[in-house]
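What follows is a single structure, written as structure tokens, with notes after it.
Each value in this text was obtained by applying a stated rule to the coordinates, not by laboratory testing. Computed from a prediction, not measured in an experiment: that's the story for all the values here.
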Amino acid sequence: MKAEVVWQKSETGLAFEGTMDDGRTLHLDGNGEGLSPMQSVLMSLGACSSVDVVEIMRKARQPIEACVCKLEAKRAESAPRIFTHIHAEFVVKGDGIKEKHLARAVQLSCEKYCSVMLMLVGKVQVSSSYVIES
């Protein structure tokens with residue numbers, strides 16, 4: 001996997017265009033005009049973990065209809081302003097979902113499968129919870 005990040009030069013701008021080796025792009029901005037790099041890390045954690053939860057629930061033949069990962073993060077007060085804590089709440093919808101299956105899916109994602117989350121282990125306190133909605 002390769003990527004290139006190019007500064008979109010301007011007098012005050014901190015915009016960057018990232019391009020993957022397959023041509024897909026992402027716009028990032030340090031001035032708040034787009035997603036900041038830290039926002040993209042947080043959203044990537046939620047997406048990565050949600051992929052795991054949905055796949056595990058499907059393999060367990062659970063009637064999952066929706067999965068929303070609500071994320072809340074706290075950052076250090078001074079530079080480097082790393083994440084100090086991230087909480088991920090999975091809101092899963094479906095009639096007849098068994099709590100034991102969802103609990104196991106969230107646990108497996110957080111402890112074994114989510115590569116974004118696992119990269120943060122030892123640096124960030126990560127917690128999770130889940131809610132089942134019918």
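Per-structure values
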item	result
On Cα atoms only, tilt of 37-59 relative to the major axis of the chain in degrees	20 degrees
Beta bridges per DSSP with both ends in the chain, % antiparallel, nearest 5	65 percent
Rh by Kirkwood over Cα pairs, then Stokes-Einstein D for the range 1-91 at 1.567 mPa s and 4 °C, µm²/s	83 µm²/s
Translational diffusion of the range 37-133, µm² s⁻¹ [Kirkwood Rh, Cα pairs; Stokes-Einstein; 37 °C; 0.692 mPa s]	240 µm²/s
Nearest 10 degrees, 0 to 90: helix 99-108 Cα axis against the chain principal axis	40 degrees
